Amino acid sequence: MDIPPLLSERIGQSGQSACLAFWDRLNPVSQARLLHQLQAFDWDQLDVLRELVFPPIATDAGLTGNLSNATTPACLQVGNPLNAPSPAQALARGSLALAEGTVGAILVAGGQGTRLGYAGPKGLYAIGPVSQASLFEILLGKLLGVRRRFGKDVPLAIMTSSATDADTHAYLRSHAYCGLNPAHVFVFCQQDLPALDAATGCLLLEAPDRVAVAPDGHGGMLGALSQSGGLDWFAQRGTEQIVSFQVDNPLAMPLDREFLGYHLLCQADFSTQIVRKLDPAQRVGVVVAHAGTHRVVEYSDLPATLASERLANGRLRFDAGSIAVHAFAKSFLDRVAAIPNALPLHRALKAVPVWDASGRQVVPDAPNAVKFERFIFDLMPLAHRVCVVEVPASQGFAPLKNPSGAASDSPQHVRAALVQHARTQLEKAGVFVADGIDVELDAATILDHEDIGRVLLPGSRIDRPQVVGGEAS
Ligand code: UTP
């Protein structure tokens, strides 16, 4: 098979002929596969990416900016009576929005989950400490819980990538969309971008007939949602506010009434949840206020000296840890989706297995490639009004990042956090849980301690591992 002359010329112009290193040795099926991938590339964009490989043309320090005058912004705290508006006002406003059915949600689930090392999309990972429910079952269950309490569906868009799309569709179909009405679920796929050789800027072959690519970051959500018709899909359902959350945090509370209430009462374009960062080494970005705007600085972009700097009161100077739970005015997303390249590309050095000239796979033990990602929080400086809401980590943040046995963010840590959260809610509802017993709240039936009274009387006692709520209760 011959490479079409125009494509061949374009590959040469871009200095990317190395991607054809094995062409003459490929069988026709493999040649067709590689050709298909190369024809789908945006070669102009590839030239831009190549420029980004080599600092100082565009570095992430440039994207982060000078932080010498930056501060931690003022935050509302969930449940703090000193907040203005008050928690009661926020609860009422958030409840009203859910009862009106004007809130939609986006779940980003396109990541490759390389650190976890699970064979399949993270959403399928069985994390329920008692039920073994998957991350999808727990997170989609929360939307069921809202429908049960407020009588309205929450339209849900799920972002996948080439790494997760087919398996996610298959899972949703075989699990009856985890109980959601499929008419209110919209699955859309984000873009892939090539990974480039960190030394040469060339495409890398992850197989003789396949160029290495990776999803374009959670910020790929904006372009992919708009191009797939997702923004119109929300508009058709009367959505006015859209929350977004990540597939690897089963404690995420994107539809928390109080959070939504603050977002609405502050008339924010962009609201975000934070947890107080206590340890400089904690791998979360931080929300900062700087030059009249808010922004999130990713942990990998925050210089170590700034990350560990403390104020006179002992708190970290930058301690508003971003947990990637956001609320957007739909009109804001419409506005920024129309801005070309509203989200900059960040570069990340990663180890990507490649095929060497002798036709063997080489698994590097150090980063050899640059991957490119957009971050959704880079929309923050474009917002006219930002609202930052602090939630206790024990209520809203337990990310699954690392494999079993890791020192942090492992399945054991996440399950322990789910059990602790359930115990706290049960105790609030007057239910006694014996020491050392694993308990879990059924996401679809128990939104918070107020729902527990429907299934367990105050004064009840739990002595065996149990899922509270669900059909059994
Ligand atoms: P992470 O940045 O933690 O990446 O994603 P990851 O893919 O889950 O894990 P590693 O870094 O490869 O180990 C945070 C959230 O953003 C989503 C992920 O699915 C997760 O919910 N995400 C990330 C996307 O949807 N697309 C991306 O391109 C990257």
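The values are calculated or read from the model by the stated rules, or taken from the named source; none is laboratory data. Note that the structure is predicted; figures quoted are calculated from it, not measured. Positions of Cβ are backbone-derived with ideal geometry, glycine not excepted, and every protein chain shown enters the neighbour counts.
Between Gly111, Gly151, Gly117, Gly179, which is surrounded by fewer than 19 Cβ atoms within 10 Å (Cβ to Cβ), in contact (Cβ under 8 Å) with a residue 40 or more places away in the chain, more than 25 Å from His421 (Cα to Cα) and in contact with a helix residue (DSSP H, G or I) (Cβ under 9 Å, 6 or more places away or on another chain)? Walk me through it before giving the result.
Details: Gly111 fails: surrounded by fewer than 19 Cβ atoms within 10 Å (Cβ to Cβ); Gly117 fails: in contact with a helix residue (DSSP H, G or I) (Cβ under 9 Å, 6 or more places away or on another chain); Gly179 fails: more than 25 Å from His421 (Cα to Cα).
The unique qualifying residue is Gly151.
Quick grid of which residues meet (1) acidic (Asp, Glu); (2) more than 28 Å from Pro280 (Cα to Cα); (3) part of a loop (DSSP other than H, G, I, E, B):
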| residue | (1), (2), (3) |
| --- | --- |
| Phe332 | no, yes, no |
| Ile339 | no, yes, yes |
| Leu343 | no, no, yes |
| Lys371 | no, no, no |
| Arg423 | no, yes, no |
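Screening the candidates Val154, Val211, Val187 for the property of being hydrophobic (A, V, I, L, M, F, W, C), at pLDDT 95 or above and within 16 Å of the ligand (Cβ to nearest atom) yields one hit, Val187.
Which residues, taken from the stretch 373-397, are outside any loop (DSSP other than H, G, I, E, B) and away from the ligand (no atom under 16 Å from the Cβ)?
Taking the stretch 373-397 and keeping what is outside any loop (DSSP other than H, G, I, E, B), we get 373, 376-382, 386-390, 393-396.
Listed by number, the residues that qualify are Met380, Pro381, Leu382, Val386, Cys387, Val388, Val389, Glu390, Ala393, Ser394, Gln395.
In summary, Asp448 fulfils each of the numbered conditions (1) under 25 Å from Gly111 (Cα atoms); (2) surrounded by fewer than 20 Cβ atoms within 10 Å (Cβ to Cβ) with the single exception of condition (1). Condition check: modelled with pLDDT of 95 or more and assigned to a helix (DSSP H, G or I). Does Leu400 satisfy that? For Leu400, the condition - modelled with pLDDT of 95 or more and assigned to a helix (DSSP H, G or I) - is not met.
Take the residues in the stretch 7-30 that are part of a helix (DSSP H, G or I) and closer than 10 Å to Cys202 by Cβ; name whichever of them is modelled with the lowest pLDDT. Before you say what the answer is, go through the steps one by one.
Initial filter on the stretch 7-30 (part of a helix (DSSP H, G or I)): 7-13, 17-20, 23-25, 28-30.
Filter again for closer than 10 Å to Cys202 by Cβ, leaving 17-19.
Numbers: Ser17: 93, Ala18: 90, Cys19: 93.
So the residue we want is Ala18.
Pairs linking a residue in the stretch 217-237 that is closer than 11 Å to Met159 by Cα and without any contact (Cβ under 8 Å) to a residue 12 or more places away in the chain to a residue that is more than 14 Å from the ligand (Cβ to nearest atom) and assigned to a helix (DSSP H, G or I), with Cβ atoms under 8 Å and 6 or more positions apart or on different chains, do not occur. The single residue among Ser322, Ser358 that is at negative phi and in contact with an Asp or Glu (Cβ under 9 Å, 6 or more places away or on another chain) turns out to be Ser322. For the stretch 198-300, the strands (runs of 3 or more DSSP E) that sit wholly inside it and include 1 or more residues that are farther than 30 Å from Arg50 by Cβ are 241-246, 270-276, 286-290, 293-297.
Looking only at residues of the stretch 299-358 that are within 16 Å of the ligand (Cβ to nearest atom) and among the β-branched types (Val, Ile, Thr), we find that the one that is modelled with the lowest pLDDT is Val352.
Going by the structure shown, is Arg283 crowded, with 21+ Cβ neighbours inside 10 Å, within 16 Å of the ligand (Cβ to nearest atom), within 16 Å of the chain's Cα centre (by Cα) and basic (Lys, Arg)? Give the derivation first.
Numbers: crowded, with 21+ Cβ neighbours inside 10 Å: no; within 16 Å of the ligand (Cβ to nearest atom): yes; within 16 Å of the chain's Cα centre (by Cα): yes; basic (Lys, Arg): yes.
Here the answer is no, as Arg283 does not meet what is asked.
Kindly evaluate Gly62 against the criterion of being at pLDDT 95 or above, of a type outside the set (S, T, N, Q) and either farther than 27 Å from Val354 by Cβ or part of a strand (DSSP E or B) (or both). Full working, then the answer.
Working: at pLDDT 95 or above: no; of a type outside the set (S, T, N, Q): yes; either farther than 27 Å from Val354 by Cβ or part of a strand (DSSP E or B) (or both): yes.
So Gly62 does not fit the description; no.
Only one entry in Leu143, Leu139, Leu96, Leu124 is within 23 Å of Thr272 (Cβ to Cβ) and within 13 Å of the ligand (Cβ to nearest atom), namely Leu139. Within the stretch 190-207, residues that are within 22 Å of Pro344 (Cβ to Cβ) have Cβ atoms under 7 Å from residues that are buried (at least 18 other Cβ atoms within 10 Å of the Cβ) and charged (D, E, K, R) in these pairs: Gln190/Asp216; Gln191/Asp216; Asp192/Asp216; Leu193/Asp216; Ala195/Lys371; Leu196/Arg50; Gly201/Arg50, counting only partners at least 6 apart in sequence or on another chain. Can you say whether Leu456 is more than 30 Å from Leu116 (Cβ to Cβ), of a type outside the set (Ser, Thr, Tyr) and either surrounded by fewer than 14 Cβ atoms within 10 Å (Cβ to Cβ) or touching a residue at least 12 places away in the same chain (Cβ under 8 Å) (or both), as far as the supplied structure shows? Yes.
Would it be correct to say that Ala195 is of a type outside the set (Ser, Thr, Tyr) and surrounded by fewer than 20 Cβ atoms within 10 Å (Cβ to Cβ)? No.
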